[in-house]
Structures are given as structure tokens and as C-alpha cells.
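The values are calculated or read from the model by the stated rules, or taken from the named source; none is laboratory data. Computed from a prediction, not measured in an experiment: that's the story for all the values here. Here the Cβ positions follow ideal geometry from the backbone for every residue, glycine too, while neighbour counts run over all protein chains shown.
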Amino acid sequence: GAVVSQHPSWVICKSGTSVKIECRSLDFQATTMFWYRQFPKQSLMLMATSNEGSKATYEQGVEKDKFLINHASLTLSTLTVTSAHPEDSSFYICSATTGAMDTEAFFGQGTRLTVV
Amino acid sequence: GIQVEQSPPDLILQEGANSTLRCNFSDSVNNLQWFHQNPWGQLINLFYIPSGTKQNGRLSATTVATERYSLLYISSSQTTDSGVYFCAVPNQAGTALIFGKGTTLSVSS
């Protein structure tokens with residue numbers, strides 16, 4: 001299957017600082033990438049859809065000014081958590097597809113963010 | 001939007017036992033995926049199965065799209081099978097995945 005690489009795997013940051021998470025498709029061109037959030041012992045919830053070269057589409061209730069998404073190339077999308085607070089601590093995971101409908105999705109390894 | 005329900009929520013097995021996990025979805029879909037989330041959080045693709053039956057080693061999956069459910073079979077379970085199993089289907093746009101709440105499997109030796 002296709003390979004999606006996410007970095008970093010884990011990060012600890014202080015309240016008020018910003019953290020950038022990268023998601024790369026290593027062996028295919030991902031016109032569409034997705035960012036999910038997972039709280040402990042819960043399911044994955046879609047945060048936003050990122051299309052290469054255009055603005056991301058955020059799900060209801062997700063603050064776009066807090067979670068900045070950039071998808072500047074066909075192989076890289078970034079999620080920046082701005083002015084992080086302890087309640088932003090969570091597991092963030094990206095997925096990538098070729099953009100066609102109903103195609104198989106592949107996921108990165110995830111990033112565990114802890115805000116202290 | 002589409003709803004995805006998984007059962008059972010938790011499953012405890014002895015090594016060597018077989019199990020069946022179920023995924024029901026509320027609307028017709030064009031694909032369905034099963035994942036295993038390991039203890040480190042990584043999602044491992046198990047099956048991409050819009051319909052029919054597929055097998056991969058000790059695991060197999062069947063999707064009956066007309067009846068809106070899918071089953072994941074694990075035979076001769078091993079301790080390494082422990083973790084959370086998710087099924088997911090596309091949203092109405094056919095792009096992002098909507099996940100069920102998962103089945104947490106614990107296999108003891």
C-alpha cells in the first residue's frame with residue numbers, strides 16, 4: 001500500500017506556543033489530505049480536508065484560526081496548532097488519497113501532542 | 001450524515017480463539033475500510049472492501065452492501081492482534097472517512 005509519513009511522532013510544548021505537524025505522501029501524489037483528531041479511548045474525528053493549492057475545508061466546530069492547514073504541494077500538508085492550550089492535547093493523524101472519490105485512504109503514524 | 005456502528009465495543013479472548021466483529025452503516029456506501037490501531041496509535045490498513053469477501057492470512061472480511069453491514073473475522077487469535085479495530089466509510093462527498101467507535105480486542109496468552 002501507499003506510504004504516508006507524519007512528523008513528529010510526539011511533541012511536548014508550552015501553553016501559548018505553536019506546533020507544526022507535517023504529513024507527507026512518500027510514493028504517490030496526494031491531491032487531498034485529511035486531518036483527524038483522536039481523544040483517548042475515542043474514535044477519530046475529521047477536523048479538516050486539505051486540497052493542494054486551495055484553502056482547507058474545516059468541519060463544524062473546528063477553529064480555522066487555531067488549526068492552520070497548508071497544502072502547498074502534492075506530497076505535503078502541514079497542520080499548525082497555534083497558541084496551544086492544554087485542551088489541545090490530543091492525538092492528531094493525517095490521511096492522504098489521490099483525490100478520487102471512494103479510493104482507499106492511507107494514514108500517517110500520528111502525532112501525540114501534549115501541551116503543558 | 002451517515003452513521004457507523006461497531007459491535008461489540010470490547011472483546012476479550014484467549015489466544016487461539018476466533019472472533020467476529022461487526023460494522024453496520026446507515027446509508028449505502030461505495031467503499032468500506034477496516035483498520036487495526038496498534039498500541040502506538042498507528043492505523044494499519046486491513047481491508048478495503050466495498051463488497052464481497054477478502055482474506056489475508058488469519059483475517060477475512062465480508063461486506064454485504066445491500067444490507068449495510070460488514071464483518072471482520074479473526075481466526076486463531078494471537079496476542080499481537082490486541083488493539084482497536086475500526087471500520088470506516090466515506091462521507092457524503094465520498095472523500096473523507098467516517099469512523100465507527102471501534103472494537104477493543106484484548107487477547108491473552
It is to be established whether one or more residues within the stretch A:32-51 are at negative phi, touching a residue at least 40 places away in the same chain (Cβ under 8 Å), within 9 Å of another protein chain (Cβ to nearest Cβ) and of a type in the set (Val, Ile, Thr).
yes
Are any residues in the stretch A:62-95 buried (at least 22 other Cβ atoms within 10 Å of the Cβ), within 10 Å of A:ILE21 (Cβ to Cβ) and more than 14 Å from chain B (Cβ to nearest Cβ), and if so, which ones?
A:LEU79, A:VAL81
Restricting the stretch B:32-45 to residues that are buried (at least 20 other Cβ atoms within 10 Å of the Cβ) and of a type in the set (A, V, I, L, M), which is nearest to the chain's Cα centre (by Cα)?
B:LEU32
For the stretch B:25-42, give me each residue that is facing chain A (nearest Cβ under 8 Å) and at pLDDT 95 or above.
B:GLN33, B:PHE35
Only one of these is touching a Leu at 6+ places or on another chain (Cβ under 7 Å), among the polar types (S, T, N, Q) and farther than 12 Å from B:ASN24 by Cα: B:SER77, B:SER70. Name it.
B:SER77
Can you work out which of the residues in the stretch B:83-100 that are more than 7 Å from chain A (Cβ to nearest Cβ) and over 10 Å from the mean Cα position of the chain (by Cα) is surrounded by the most Cβ atoms within 10 Å (Cβ to Cβ)?
B:VAL89
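Residues checked against (1) free of Cβ contacts under 8 Å to residues at least 60 places away in the same chain; (2) in a strand (DSSP E or B):
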residue: B:ILE2; (1), (2): no, no
residue: B:LEU13; (1), (2): no, yes
residue: B:ALA17; (1), (2): no, no
residue: B:ARG22; (1), (2): yes, yes
residue: B:LYS54; (1), (2): yes, yes
residue: B:THR63; (1), (2): yes, yes
residue: B:SER70; (1), (2): yes, yes
residue: B:CYS87; (1), (2): no, yes
